[in-house]
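The values are calculated or read from the model by the stated rules, or taken from the named source; none is laboratory data. The structure displayed is predicted, hence computed values, not measured ones. Heads up, the Cβs are rebuilt from the backbone with ideal geometry, glycines too, and the neighbour counts pull from every protein chain shown.
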Amino acid sequence: MARVGRAWARWAATLVAAALVMLAFPAPTAAGAVFTLLPSSGFAGSTVVAHGEGFPRNQPISVRWDGSLVASGNSGPLRPTKFDVPFVVPSGAALGSHTVIMCVTGSGATGCSGPPETAIFTVVIPAVTPTPTLPPPPTPIPGSSATAAPTFPFPTFPIGAETPTPGPLPIAVVTPAPTPPNQLGEIPEDFPDLWIKAIEVT
Amino acid sequence: MPLVADRRTYARVHVGVIGQPDQANTYGALEARRNGQQIGWVWPENGPILAKLGGGSRVQTDDTLNFRLPQAWLDGEVTLRAFVYSYSLATVFEKEAEWQNNLFAVDVAFHPAQPLTVHLAPAHLHRSFHPDDVDRTYDPDLDADLLPPGGSATLRIVHGLYRYHPLAQVNVDVLTAPIEPMDHDDGHEFNLGWCQTTMLGNWNGGNPEIADWEPLVADPAALDPVVGTWYEADNEWLAILDRRIHIHHWQLTETGLADISMDDHEGDGPMPLPGTPVFVQGCRPEPAVSQEVNQTLALYRIFYDWDDEEDLFVGMVHPDLPTLFGGQSSGGTDSVWVRMTDTFGTTSAWWHIGAETLAHEAGHAAGLKHVPCKDGDADHEPDGVPDELAGGAIDPSHPNALTFPVCNLAGPDPEGFYGFDVYRLRWNLPEPTAISNDPGQAAPNKAWPLMSYRNPGWADPYHYCRLLDFYGVPCDPTELGIPWSEPDAPAGGPLTQPPDPDDAELPPGAEGLIGLRGSIDPATETGSLEGAFLLDTPTPSALKKFSGQYIVAEVTHKLVVLDAAGNELASVPIQQHDTAHEELESIDFEVLVPLFANARSYQIISAGRDLAHLDVSPTAPAVTWDPITQEADTFGRVKVQFHWDSSDADGDPLTHTLLYAPDGEHWQVLASQLNESDFEFLQQALPRGEAPIFQVIAFDGTRAASAVSAPVKPVPGLPPSAIVSGMKATTYPSGAEVALQATAFDPEDRTMPGDAISWSSSLDGELGTGSELVVDDLSAGFHLLTATVTDSDGLTDTTSFELEIDGSVIQPRPDPSVVSAIDAIFAAAASGEDLATAYEAASAPSLGDLLPWLVLAFVLVGAAAGGALWWRAKRRPA
């Protein structure tokens, strides 16, 4: 249990540190747009949620890591807008602070149609954080004694970031061009009689 | 089946072959005429196809030529005429035994249906439904449209209404804040869960000890468990926090706990401590309180008085919660809640679980009852009783009511023309699916009635016809040949003649309506009764519901209004609350009762006995407005701050409802069940109002007082919202037809016309307007296409998406001579002329066509003549 306690101390410290960093780097603008990173620190390869509020509605949104596009999304039709764009911290990202921007996608040099919102993400060394997972279940043999697992306080746990449900995958297929209805191949000798059986309007 | 105007519609042309098993390279065209005038003709979306003997299989979408009807065709009466050929047009007249049967015409009529506005409200919920557990309120996350990447889960679910209901327009309106249960300030929470017990022992690595064994078995009275003996559980799953435990066996411990042995588990998150709530799937809570979400929504609905559209209020429930049902509807309230499950079923790629669930619950809200179809129960063993009965009443008029357990979408029909997923692009499905009425079909073409518990579901003809009626399109199942059963007596739902709105009026002397709710337990002859709301100016929908209450089959209970002398002022029959998914042992009801100034009590009477009563408070509350302020905060957002003074001389607790009328006439609820006397709201969430007014209603349970504010400063209003509603692909060949489709809704203008939507391209500039715009001349390259919708205030909304025109692939175009020949064929067919002659005339070469040949012939003849002269001159003797 002592090991668990130390693990939890580290976990709590990580949470507090993350909270402090998040508090330190909200990015409100004159227009009221807010861009935050959840979390705002982590290791390369980890998944981060870029959270935006107050952006113009129904706009394509870009998230750029040190200038490189890492994710895109849409600000949605709600007013005020509120949306999440998950992205993965580049695997080769160096330790330390990195600039992440969120903006309405545009064709300018920055890829933005207006001034971007900025947040700072700190890449850290992967920490061994105790993820409270279920240990392998005991073989469910009736009558056997089960191994006791550590328990945690209820209900003081924060809910973790929920994994966004992925949408349908994009279809990037050139629509097959139908054969033009001019001359559809070589006309056969034996020719049947076509007839229209019905028109189903549905 | 009647067709709905402006609803996406396809014509599938079934082509048969005589004299061969099949015929390749079969193609065709479809023409439309209105009042004899051609409004256009189109090529099919698929093809050329392999035409087959007998017309092929209806479920094979490429056994037919499929034409998507352009939007301009989708209203009024239209004649559709198809013409088919194979290899070339000439073969019809030169090779086929008969050309007349290559033509076919049908007359169709499109009828306008009322739009449906879906008012979405996240339901404030906690995991474990416990106030101290973490928040599990659903985030609507409404992205701009349905297009990948991403897209909106909420819209994928809401758009199930297009697939299953006869609708052309579904508007989405989001309530401004999550809805909460009554008495939330006192710690009360919505509880939508299965029956509940508690983990008391240790977690034991997923083999917990729980307080009660009774929820684990179907009939606890039939079991007297022995300590230390392992038993099988009838109910299979436990839900504890975010974990799901599949029960293998359980045993009773010496301390009286149920020791669970699991054989599988899902989920993770924190491990529970003793005291954690445990929900047992399959075990129903008693009493069920899951209707509270709908009861709260009903308070929003009852004051909402836009009268030109159908309204559905939807409580959105987080999909991870262990809810008793996937959704629930409460009859007569236009209110449902739905677990927002954004996943596709495993058997058929087109089956979206959340979309079907919402459409099922919306079917209940429209008055449809269950179709008896499934007989599996928890133990998967048939018992001859429809599973659907456990969730609510069965529709005895439905064709399947007499055939259960045999269950089909429709009776076998040799024509079999039924079901085509015309809205597939809303779910980004690459291919359409034909749903069959053939009970022998397999997935993905097999489906069961939407209002049954079998999946996947599809709207069966009988209930689709009833839904048409509901949305304002007359439909008579008898005329359609649907074998439904006439009711013996009116019994609600589709069996009931809808109340005539002209007759919906208050009885003489009544000054409004009061909403009362309660329950009756016939076994113990007890009941409960409480006031829910009061309407001194009933909305049209409230009056409609009031008049409909009197259509009840068998009245054994009634609610009477009495004056001080005990005289009956009014009587309202009480029927079983039309609650789909509710057990039938106790009768929960919610009725609208006429409001009389001299009423002194309300009583539930059953067989002459007073089961419960509610005395009218002697004194009405009082309420007055303090000044309403509109001030900007540091973010530039204007906050509207409300304060009112309310009191009740009797000391009754007061609840308050805050309403807003942007036009000074139509009310909508901003907040309900407020215990406090102040409230704050962001003005940017309010619809436009030039001189908007607010109303606060203070209610003490039987009496109410209201105060209407003076007009406040104009509210600038909300922009419209545009939703791009489907694209076939993200990359097209150069010259391909691209159909741009979008819908728009404005909180003030409501449903917006197509010309309010304009389209532009980052490469080609303005493209045109319309809710559907077909373009075939986009330049090669990457386009950022933008749909811009402009409302009557000039406020705009845009939504953009990328599309590539691949310049390396060229879309072939038909030869102009083919186009003109088909023009001639359709013109001749419409005027009754001989097609062969018309074709020959259209195909005969013109003078212009012959000119090069004439010149060549002239040159050749001239050359020959010159040569002959030269030859003769050469041979002539000198």
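Structural remarks
For (1) surrounded by 19 or more Cβ atoms within 10 Å (Cβ to Cβ); (2) part of a strand (DSSP E or B), each residue gets a yes or a no:
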site: A:Leu37; (1), (2): yes, yes
site: A:Ala44; (1), (2): no, no
site: A:Ala50; (1), (2): yes, yes
site: A:Phe55; (1), (2): yes, no
site: A:Asn58; (1), (2): yes, no
site: A:Leu69; (1), (2): no, yes
site: A:Gly76; (1), (2): yes, no
site: A:Gly92; (1), (2): no, no
site: A:Thr99; (1), (2): no, yes
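- Any hit, segment B:177-184, residues being under 30 Å from B:Ser672 (Cα atoms), within 12 Å of another protein chain (Cβ to nearest Cβ) and not acidic (Asp, Glu): no
- Picking from residues in segment B:758-782 that are of a type in the set (Asp, Glu) and part of a strand (DSSP E or B), the one that is nearest to the chain's Cα centre (by Cα) is B:Glu772.
- Which numbered condition B:Ala390 fails, given (1) within 24 Å of B:Asn191 (Cβ to Cβ); (2) in a loop (DSSP other than H, G, I, E, B); (3) more than 16 Å from the chain's Cα centre (by Cα): (2)
- A:Gly106 at negative phi, without any contact (Cβ under 8 Å) to a residue 24 or more places away in the chain and in contact with a Ser or Thr (Cβ under 7 Å, 6 or more places away or on another chain): yes
- Picking from residues in segment B:255-281 that are surrounded by fewer than 19 Cβ atoms within 10 Å (Cβ to Cβ) and away from every other protein chain (no Cβ under 14 Å), the one that is farthest from B:Thr539 (Cα to Cα) is B:Thr255.
- For B:Ser571: the one exception among (1) polar (S, T, N, Q); (2) part of a strand (DSSP E or B); (3) at pLDDT 90 or above: (3)
- The strands (runs of 3 or more DSSP E) located wholly in segment B:579-690 that include 3 or more residues which are more than 14 Å from chain A (Cβ to nearest Cβ) and farther than 30 Å from B:Ala564 by Cβ occupy B:629-632, B:638-647, B:655-661, B:668-674, B:678-682.
- Residue count for segment B:184-217 under the criterion of being closer than 22 Å to B:Ser677 by Cα and without any contact (Cβ under 8 Å) to a residue 60 or more places away in the chain: the result is 3.
- Only one of B:Arg58, B:Arg33, B:Arg8 that is surrounded by 19 or more Cβ atoms within 10 Å (Cβ to Cβ), more than 28 Å from the chain's Cα centre (by Cα) and charged (D, E, K, R): B:Arg33
- Those strands (runs of 3 or more DSSP E) lying entirely in segment B:16-101 with at least 1 residues over 19 Å from B:Ala829 (Cβ atoms) and at the interface with chain A (Cβ under 9 Å from one of its Cβ atoms): B:22-34, B:49-53, B:64-68
- Looking across segment B:644-684, the residues that are more than 27 Å from B:Asp186 (Cβ to Cβ) and among the hydrophobic types (A, V, I, L, M, F, W, C) come down to B:Ala661, B:Trp667.
The rows are residues; the columns are (1) more than 14 Å from every other protein chain (Cβ to nearest Cβ); (2) at pLDDT 85 or above; (3) within 28 Å of B:Ile240 (Cα to Cα); (4) in contact with a Gly (Cβ under 6 Å, 6 or more places away or on another chain).
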| residue | (1), (2), (3), (4) |
| --- | --- |
| B:Pro372 | yes, yes, no, no |
| B:Asn400 | yes, yes, no, no |
| B:Pro414 | no, no, no, no |
| B:Phe420 | no, yes, no, no |
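- When B:Ala177, B:Ala168, B:Ala144, B:Ala153 are checked against the criterion of being within 21 Å of the chain's Cα centre (by Cα) and at pLDDT below 85, a single residue qualifies: B:Ala144.
- Some residue of segment B:629-643 being β-branched (Val, Ile, Thr) and free of Cβ contacts under 8 Å to residues at least 40 places away in the same chain: yes
- A:Pro39 meets all of the listed conditions (1) modelled with pLDDT of 85 or more; (2) in contact with a helix residue (DSSP H, G or I) (Cβ under 8 Å, 6 or more places away or on another chain) but one, namely (1).
- Every pair of residues 6+ apart whose Cβ atoms lie under 7 Å, when the first sits in segment B:812-828 and is more than 10 Å from chain A (Cβ to nearest Cβ) while the second is surrounded by fewer than 19 Cβ atoms within 10 Å (Cβ to Cβ) and modelled with pLDDT of 90 or more: B:Phe826/B:Gln38
- The lone exception for B:Val775 - which of (1) within 13 Å of chain A (Cβ to nearest Cβ); (2) surrounded by 15 or more Cβ atoms within 10 Å (Cβ to Cβ); (3) among the hydrophobic types (A, V, I, L, M, F, W, C) it fails: (1)
- Filtered residue count, segment B:693-748, keeping only those that are more than 30 Å from B:Ser761 (Cβ to Cβ) and either in contact with a Ser or Thr (Cβ under 6 Å, 6 or more places away or on another chain) or within 14 Å of chain A (Cβ to nearest Cβ) (or both): 12
- The condition (being among the β-branched types (Val, Ile, Thr), crowded, with 21+ Cβ neighbours inside 10 Å, at the interface with another protein chain (Cβ under 10 Å from one of its Cβ atoms) and outside any loop (DSSP other than H, G, I, E, B)) is satisfied by just one residue among A:Val63, A:Val85: A:Val85.
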